[in-house]
Amino acid sequence: MSEEFINTCWVCGSESLQVVKKSDFTGDLDSKNFAITNSDYGKTGELSKCLNCGFIQCSKENDVIHYYENLVDTEYENTREERKLQEKRILKLIQKIKPSGKLLDIGAGSGIMVESALEMGYDAEGVEPSRWLQGQAEKKSLPIHLGTFPMEGLSKNYDIITLVDVIEHVPNPKELLSNICGHLDKDGIFVVITPDVGSLIAKFLKWKWWHFRVAHIGYFNKRTLTQITRDTGFEQIKAMRPSWYFRIEYLVERAYQYIPKFLRIPLPRFFKKIIVPVNLRDSLLVIYRKEEKQK
Ligand SMILES: [Zn+2]
């Protein structure tokens, strides 16, 4: 990747970048740091903020794809049930706008979104770079293609493209969005979910916010997400704060990182297995259509 690319804002192209957080990562990065369930909160590479648009990016981590190709995340598969509830909830929103059609999930993991979409009658497929996650999907006979988007053989007229918790992982969000626009039917819709660095909780926790982690290299807020999608040919239809589903044991385990030891009370096993919806209002879910001139 060229120096010029590294030193410009990935959203607006400005060269006015200021380092706002030093890297607190020691040692070499490996695929474990990129696991979806990685819990090293607050640890990131060096982050810079664009003085023009406010986007925060990790300019130095611009060659990360091989970490995803080699990623193995067994804990992720253990949370399949709650992740499926989450994907179904997203699909129910989509259903109100597009009750049927061809769906592509980018960064499809082990195919939980695709599996849910197929169950709901969509003609769904996905793309995933991790050999291990794609292998998990293959075991379930789910149509997840190994590799990165865009790839040969994909349709140019999807009715729905989903990008759930992916855009914060890529060093070229603008290129990714332009390619998505090019693969969408003229009446197609595009759904993006990403953490919101402008949310109240992110502001409150500052650098301790759980979404500050090595694998997240681009931090959007409402303004920068609006700008980058507008610049790549999209028009917003709907925006909201999505809920996530978790087992209580997962929440407790993660919360322990924020509370002192004497407050860590053991909980009964049955209680820990319960799945609950959580909405911390620190993610953005936005649905777009193509703007008129892109059609
Ligand atoms: Zn910028």
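Every read-out reported here was derived from the displayed coordinates using simple, explicitly stated rules and does not represent laboratory data. Everything numeric in this text was worked out from a predicted model, so none of it was measured. As a convention, Cβ positions derive from the backbone with ideal geometry for all residues, glycine included, and neighbour counts pool all protein chains shown.
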Handout entry: Max mean-square fluctuation residue, GNM over the chain, Cα-Cα springs under 10 Å, options ILE265, ILE161, ILE65
Key = ILE265
Handout entry: Contact order relative to length of the chain, as percent, for alpha carbon pairs under 8 angstrom and 6 or more apart
Key = 19
Completion exercise
Using the Kirkwood formula on alpha carbons, the hydrodynamic radius of the range 187-258 in angstrom works out to 14.5
Problem - Scattering profile of the range 14-126 at q = 0.09, 0.13, 0.14 Å⁻¹ [log10 I(q)/I(0), Debye over alpha-carbon scatterers] - result: -0.38, -0.72, -0.80
Practice task
May I ask you to list the trypsin sites (Lys or Arg not before Pro) in the range 127-196 that are in a DSSP loop and have at most 16 other Cβ atoms within 10 Å of their Cβ?
Solution key: LYS140, LYS156
Completion exercise
For the range 163-295, the Debye formula with one identical point scatterer on each Cα and no solvent gives log10 I(q)/I(0) at q = 0.19 Å⁻¹ as -1.09
Problem - Alpha carbon Rg of the range 69-179, scaled by the compact-globule rule 2.2 N^0.38 Å - result: 1.01
Problem - q = 0.08, 0.16 Å⁻¹, the chain: log10 I(q)/I(0) [Debye, one scatterer per Cα] - result: -0.34, -1.48
Exercise for the section: For LYS84 paired with VAL19, estimate the spin-label separation in nm (one decimal), with each label point 7 Å from Cα along the Cα-to-Cβ line. Expected result: 4.7
Completion exercise
Projected onto the charge dipole of the range 14-67 (unit charges on the beta-carbon of Lys, Arg, Asp and Glu, signs +1, +1, -1, -1), the Cα from SER16, VAL64, PHE34 with the largest positive-side position is that of SER16
Fill in the blank from the handout: Restricting to Cα pairs under 8 Å and 6 or more apart, the percent relative contact order of the range 90-225 works out to 21
Problem - Flagged links, alpha-carbon separation over 30 Å, of LYS21/LYS293; LYS139/LYS261; LYS43/LYS290; LYS22/LYS293; LYS92/LYS273 - result: LYS21/LYS293; LYS139/LYS261; LYS43/LYS290; LYS22/LYS293
Completion exercise
Footprinting proxy, HIS216, HIS145: sorted fewest to most Cβ within 10 Å, the residues are HIS145, HIS216
Problem - Unpaired by the 4.7 Å Cβ criterion, cysteines found in the chain - result: CYS58, CYS181
Completion exercise
For the chain, the dipole about the Cα centre with charges only on Cβ (Lys and Arg +1, Asp and Glu -1), to the nearest 20 debye, works out at 1420
Handout entry: Helix-only CD estimate at 222 nm, as mean residue ellipticity for the chain, using -39500 (n - 2.57) per DSSP H run (n ≥ 4)
Key = -8000 deg cm²/dmol
Practice task
Would you mind counting up the charge near ASP123? Only other residues with Cβ under 10 Å from its Cβ, with Lys and Arg at +1 and Asp and Glu at -1.
Solution key: -1
Problem - Most fluctuating residue given options ASP30, ASP282, ASP165, as computed from a GNM of the chain linking Cα atoms under 10 Å - result: ASP30
Problem - Convex hull volume of the range 224-285 per residue (C-alpha atoms, cubic angstrom) - result: 102
Exercise for the section: Compare THR26, THR162, THR79 in a GNM of the chain, Cα atoms joined below 10 Å, and give the one with the largest fluctuation. Expected result: THR26
Problem - Partners for LYS272 among aspartates and glutamates (Cα-Cα distance below 15 Å; same-chain residues under 8 apart left out) - result: GLU81, GLU82, GLU249, GLU253
